[in-house]
1. Roughly what would the spin-label model give for residue 74 and residue 19, points 7 Å off Cα along C-beta, in nm?
2. List the residues, sorted by chain then number, that are 5 or more residues from residue 72 or on another chain and whose placed amide H is less than 5 Å from its amide H.
3. Quick one: Karplus J couplings for the stretch 20-29, per residue in order, coefficients 6.51, -1.76, 1.60, θ = phi - 60°, nearest Hz, x for Gly and Pro?
4. Just want to confirm a number: the relative contact order over the chain, from Cα pairs under 8 angstrom separated by 6+ residues, in percent.
5. What dipole magnitude, in Debye to the nearest 20, does the stretch 1-98 give about its Cα centre under +1 on Lys/Arg Cβ and -1 on Asp/Glu Cβ?
6. Pop out the ³J(HN,Hα) list for the stretch 47-58 in order, Karplus 6.51 cos²θ - 1.76 cosθ + 1.60 with θ = phi - 60°, rounded to Hz; leave Gly and Pro as x.
7. Compute the length gained on full extension between residue 89 and residue 40: take 0.36 nm times their separation in residues and subtract their Cα-Cα distance, giving the result in nm to one decimal.
8. Which trypsin sites (Lys or Arg not before Pro) does the stretch 52-122 hold that lie in a coil by DSSP with at most 16 other beta carbons within 10 Å?
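The values are calculated or read from the model by the stated rules, or taken from the named source; none is laboratory data. Here the structure is a predicted model, which means the values were calculated and not measured. Quick reminder, even Gly has a Cβ in these numbers, built from the backbone with ideal geometry, and neighbours come from all protein chains shown. SASA here: full protein model, heavy atoms, side chains in, ligands and nucleic acids out. Shrake-Rupley method; radii C 1.70, N 1.55, O 1.52, S 1.80 Å.
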Amino acid sequence: QVQLDESGGGLVQAGGSLRLSCAASGRSFNRYIMGWFRRAPGKERVFVAAISWSTGGTVYADSLEGRFTISRDNAKNLVHLQMNSLKPEDTAVYYCAAGMTMWTTPDAYDYWGQGTQVTVSS
């Protein structure tokens, strides 16, 4: 059974940093794209970043302005999202997802974690 478990969320002041992690288990993810999405209160789920497990190639949402970095640890089956210079508008539930194509829409992803809350205070 495929399982994606996010961790690392929490409360942080504006300007601070957080590192989210996603532990993937239940199958081989070598051919998968791992993505991070977020859903702010009252808004739709939107793309944040994605990484190819095999090549390490990445793509980011333009709105992030280079503040976030996605990475993977193949040996531990972990995907990380390093978030720096956090802003109150980054407040959202962050979801880890796995899919076969590096698209930026949620429909392209087959597996989802339960999400982890990130709250940025002003």
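1. Distance between the two pseudo-spin positions: 2.0 nm.
2. 80
3. 8, 10, 10, 9, 9, 8, x, 6, 7, 9
4. Result for the chain is 35 percent.
5. Once rounded to the nearest 20, the dipole reads 180 debye.
6. Working through the residues one at a time gives 6, 10, 6, 8, 9, 7, 5, 7, 9, x, x, 10 Hz.
7. Contour length minus Cα-Cα distance gives 16.8 nm.
8. Those that pass, being in a loop and sparsely packed, are 67.
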